[in-house]
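Working notes, structure below.
Please treat every number below as a calculation from the coordinates, not as lab data. Bear in mind the structure is a predicted one, so any value in this text is a computation, not a measurement. For neighbour counting, all protein chains shown are included, and Cβ atoms are generated from backbone atoms with ideal geometry for every residue, glycine included.
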């Protein structure tokens, strides 16, 4: 009797990288790419290619187990070499984070209804938590949650407004966070639903996520008791299950994008000549490229460190905040330098560098802006000092 060979995440990452470089990158000029992300038609086409190549949803094994965070790192980094890579491979936000949450919290019936089609890449999902700033709703501070759920005749009724809901347009299911008398609670819903109405899709800096970022009104949405995700009143605790890993996988994917931008900028600096020699021979340019390599390596090491912390089974809230700050700031510097090295070509849409720069600027806001994470880390430091005095 022969035994199956041990799982090799490096081999998976290599297959993913080959797929992204040889198949996905060719779609970066596809007319089905709009300001609000790739169309659903394009998503389906890319996922069909990934399924055929055996790399669809590569972080979920055939037995339903998920890769460890440390194993995910090289795979997600390889997928990120193109902004379309994570979408094609079904590891993009918010779907990947929702998969994690459903795996840990959803009942067996809920997993069959919602998780299985997500893993199979048959539907997309949305996470409806953030609320409009003009209504002083929940954003970086989830305790400001204004969406309400009340119990009526044996079912829940949800009413509120949600803002910047990634992937809402075209999503097949959603996780809605609402406040109940017992505390914040998550509800699972099928989409589209007549009680959940699209107001508009924001025009934002980034443009890699299908469905864009939507403003949504929820009016008297009925939800059965069977569609409560986990326990009533435990929504904030469940959010932490999702948010710390999601911050980290954002870092993994965008590291790949910035590695690609650096490749393009370096190649440009090698062949472009000015003032009698190639750009890369000018110290001002070569120093920027050297700093890129430093920031890229630092980002890789921070990601691996945080992944190992999360794999130990601890919450990793502080570690993921530290990593999100360090990596988002470092990768923004990398993308900015790539634009600068390439001059006019860098600000044009002729290469993917311009898009990577825009995505990196948005990344500094995704999953909590840098300042909120720094404040959270400072609070941890203050508490640890005060407990010693």
Output the relative contact order of the chain, whole-number percent, from Cα pairs under 8 angstrom with separation of 6+ residues. 16
Average Cα contact separation per residue, segment 9-119, under 8 Å, 6 or more apart, as relative contact order %: 34
In Å and from the alpha-carbon atoms only, list the Rg and Dmax of segment 236-386. 17.6, 61
Angle, helix 317-342 long axis vs. longest principal axis of the chain, Cα atoms, 0 to 90°, nearest 10? 40
For the chain, calculated [θ]222 nm from helices alone, where every DSSP H run of n ≥ 4 adds -39500 (n - 2.57): -15000 deg cm²/dmol
Sort segment 9-119 into rounded, prolate or oblate with this rule: let a ≥ b ≥ c be the square roots of the eigenvalues of the Cα gyration tensor; rounded if a/c is under 1.5, and if a/c is not under 1.5, prolate when a/b is larger than b/c, oblate otherwise. oblate
Among 62, 384, rank each residue by its count of other Cβ atoms within 10 Å, from fewest to most, as a rough exposure measure. 62, 384
Beta bridges per DSSP with both ends in the chain, % antiparallel, nearest 5: 85
Take peptides 183-191, 65-73 and line them up by average Cβ neighbours within 10 Å, highest first, as a rough protection proxy. 183-191, 65-73
The base-10 log of I(q)/I(0) that the Debye equation returns for segment 125-231 at q = 0.12, 0.13 Å⁻¹, one scatterer per C-alpha, is -0.36, -0.43
Can you tell me which of 234-244, 343-353 comes out highest on packing, and rank the rest after it, using the mean Cβ neighbours within 10 Å? 234-244, 343-353
What's the angle, to the nearest 10 degrees (0 to 90), between helix 40-53's Cα axis and the longest principal axis of the chain? 70
Just grab the label-to-label distance for residue 314 and residue 381, each label 7 Å out from Cα along the Cβ direction, in nm (one decimal). 1.8
Bounding extents of segment 80-137 in its principal axis frame from Cα atoms, largest first in Å, are 38, 35, 17
Angle check, please: helix 9-19 long axis (alpha carbons) against the longest principal axis of the chain (alpha carbons), in degrees 0 to 90, nearest 10. 70
The Kirkwood hydrodynamic radius of the chain, taken as the inverse of the mean 1/r over all distinct Cα pairs, in Å, comes to 21.8
For a quick protection proxy, order the peptides 208-215, 150-157, 74-81, 370-377 by their average other-Cβ count within 10 Å, most packed first. 74-81, 208-215, 370-377, 150-157
